[in-house]
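Before any comments, here is the structure.
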Amino acid sequence: MKNSLFLLVFSFVLFSCGAKKNGVSNSRKPISKADKIVANALNYEGVKYKYGGTTKRGMDCSGVIYVAFGEENFQLPRVSREMAKEGKKIALKKVAKGDLLFFKTRKSYKNINHVGLVVSNKNGQIRFIHSTTSKGVIVSLLSQKYWAKAFVKATRVL
């Protein structure tokens, strides 16, 4: 009797571990390359600005992007104006996590001089991570007047 009870309990435990709960599998959605790259960039949030910087001691805008992609073995050029030549131009309404946003922050600049990485696009609210001279690595909204006015284009490199 004792052995039968043990077998019954053991069988229940063994088979219930592999069962689906409410018909839903316990497996998780695979993490995309974009998710990993954005997570890499977010690890640098709060790092101070440093021109040419690519470490936690200081980073510039293209440094954050360059390192975040590089940590996933995806090589991009080191500077924003060169990054802007990579990938495919996309419409702002199609922007998704992992896409790049490019800016000219002064009218007098001929070339793109700033880049950000899209963190999310929910209901048209585009959040992107970048590094600013005043606040270092931060997440901003593209809808903020300064960034909306400076925006040039979005590209998809993944």
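Readers should treat all values here as calculations from the given coordinates under stated rules, not as data from a laboratory. Keep in mind that what you see is a predicted model, and the values were worked out from it rather than measured. For neighbour counting, all protein chains shown are included, and Cβ atoms are generated from backbone atoms with ideal geometry for every residue, glycine included.
Based on other C-beta atoms within 10 Å, arrange 35, 60 from fewest to most.
Details: 35 13, 60 25.
By the 10 Å Cβ count, ascending: 35, 60.
Subtract the Cα-Cα distance of residue 125 and residue 96 from 0.36 nm times their separation in residues, and report this length gain in nm to one decimal.
That works out to 9.4 nm of additional length.
For each of 92, 141, 76, count neighbouring Cβ atoms within 10 Å of the residue's Cβ, then give the residues from fewest to most.
On the way: 92 14, 141 11, 76 20.
Starting with the residue having the fewest Cβ neighbours, the order is 141, 92, 76.
Work out, step by step, the length gained on full extension between residue 143 and residue 42: first 0.36 nm times the residue separation, then minus their alpha carbon distance; give nm to one decimal.
Details: separation 101, 0.36 × 101 = 36.36 nm, distance 1.99 nm.
Extending this stretch completely gives an extra 34.4 nm.
Rounded, prolate or oblate: which fits the stretch 28-80, taking a ≥ b ≥ c as square roots of the Cα gyration tensor eigenvalues, rounded meaning a/c under 1.5, else prolate when a/b beats b/c?
Working: a/c = 3.20, a/b = 1.67, b/c = 1.92.
Here the stretch 28-80 falls in the oblate category.
Which trypsin sites (Lys or Arg not before Pro) in the stretch 117-150 sit in a loop by DSSP (not H, G, I, E or B) and have at most 14 other Cβ atoms within 10 Å of their own Cβ?
Within the stretch 117-150, the qualifying trypsin sites (Lys or Arg not before Pro) (loop, at most 14 other Cβ atoms within 10 Å) are 135.
May I ask you to sort 140, 32, 134 by Cβ crowding, counting other Cβ atoms within 10 Å and putting the fewest first?
Details: 140 18, 32 13, 134 6.
Ordered by Cβ neighbours within 10 Å, fewest first: 134, 32, 140.
Would you please state which residues of the stretch 119-137 a label at residue 32 would reach in this model, taking the label point 7 Å out along Cα→Cβ and a backbone N cut-off of under 18 Å?
119-129
For the stretch 31-156, report the convex hull volume of the alpha-carbon atoms normalised per residue, in Å³, without decimals.
Numbers: hull volume 12.5 nm³, N = 126.
Cα convex hull per residue, to the nearest whole number: 99 Å³.
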